[in-house]
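This report refers to the structure that appears directly beneath it.
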Amino acid sequence: MFDLKGKKALITGSTQGIGLAVAKAFSERGASVIIHGATSEEKCKKALAEANGTDFVICDLSDTNAANKIYEKTGDVDILVLNASIQYRTLWQDVPYDEFEKQMKVNVFSSLALIQKYQRAMVKNGWGRIITVGSVQQHRPNPAMPIYSASKCAQMSLVECLSKDLAPTGVTVNNISPGVIATPRNDAVLSDPEFYKNVMKKIPMAIPGHTDDCIGAFLLLASEEGKYITGADVKIDGGMSL
Ligand SMILES: NC(=O)c1ccc[n+]([C@@H]2O[C@H](COP(=O)([O-])OP(=O)(O)OC[C@H]3O[C@@H](n4cnc5c(N)ncnc54)[C@H](OP(=O)(O)O)[C@@H]3O)[C@@H](O)[C@H]2O)c1
């Protein structure tokens, strides 16, 4: 099960955290994996070695032309995981336009632009897997990060529209919504005991998830076994969205 031999996968934001764990898991199942990061060649090379990947590409997804630049370097892929995102912790009354624009560009527009680019070969081949990474905040609004929450909802809406359109072609489009997963992104806040205690109160399982807890869902949606699943939103959140 979950054999990815012969498949080529691009995972955005795979220098660390969930993206790196997915890259390792795909590579272990036989996929040739392309690592992506925003800025650092050193981080990409380290992740490439850790995940036993085949290549890496560096591109800031807030660049409007990012999809073209990334595609030029990678060529077509069979599996596209749109995992990179940014988030600003700013109350809605104070959100400046540049923060709004940057989150929407990285978290929504780049997903659309990358799907536009990569779906063509998938449709031609009659096989493709597109997985976006959303957030528990699609379901459990967080007033401290209103634009991030909105961007993940917008991305989910795209997934629903595109999955319906692509359904007859053999290309599936799904979203995975993590809850609180221990990654470098939230190292600092989770190491604050008061913050940790308050967050755990919101999670029915009362523990954070780990990157390995996310892998099963990615493997299912990326492989042949997931061929009848499209337009889905898979929550990995210890019940936090309930
Ligand atoms: N961790 C959680 O608790 C949690 C909860 C809900 C949802 N999620 C979602 O899960 C996904 C992965 O989260 P994570 O915690 O693993 O993230 P992370 O540890 O913060 O890693 C983020 C990755 O995205 C890349 N990235 C950041 N800004 C970018 C930009 N402007 N352009 C291109 N790439 C960029 C980073 O590359 P560099 O290394 O080059 O900066 C890095 O590889 C995200 O979509 C996040 O919203 C996470």
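Inter-part distance, region 146-215 to region 1-46, computed on C-alpha centroids, equals 18 Å. For K102, a cut-off of 18 angstrom between C-alpha atoms picks up these aspartates and glutamates, skipping any fewer than 8 places away in its own chain: D60, D63, D94. Among L61, L158, the ranking by other beta carbons within 10 Å of each residue's beta carbon, starting with the fewest, stands as L158, L61.
Considering all C-alpha pairs of region 111-242, those separated by over 21 Å amount to 45%. Only helices enter the 222 nm calculation for the chain: every DSSP H run of n ≥ 4 contributes -39,500 (n - 2.57), and dividing by all residues gives -13000 deg cm²/dmol, rounded to 500. Only lysines eight or more places from K197 in sequence, or on another chain, were considered; those with a Cα closer than 27 Å are K152, K235.
Dividing the radius of gyration of the alpha carbons in the chain by their Kirkwood radius gives 0.95 for Rg/Rh.
D by Stokes-Einstein for region 40-98, Kirkwood Rh over Cα pairs, 4 °C, 1.567 mPa s: 92 µm²/s.
A DSSP coil position with no more than 13 other Cβ atoms inside 10 Å describes the following chymotrypsin sites (Phe, Trp or Tyr not before Pro) in region 188-230: Y228. Sorting the segments 68-77, 127-136 by their mean number of nearby beta carbons within 10 angstrom, highest to lowest, gives 127-136, 68-77. The antiparallel fraction among DSSP beta bridges confined to region 8-235 stands at about 0%.
Charge tally around R129: other residues with Cβ under 10 Å, Lys/Arg +1 each, Asp/Glu -1 each, net 0.
Read-outs throughout are calculated quantities, based only on the coordinates presented, and are distinct from any laboratory measurement. Because the structure is a prediction, the values reported are computed rather than measured. Counting neighbours? That spans all protein chains shown, and the Cβs are built from the backbone with ideal geometry, glycine included.
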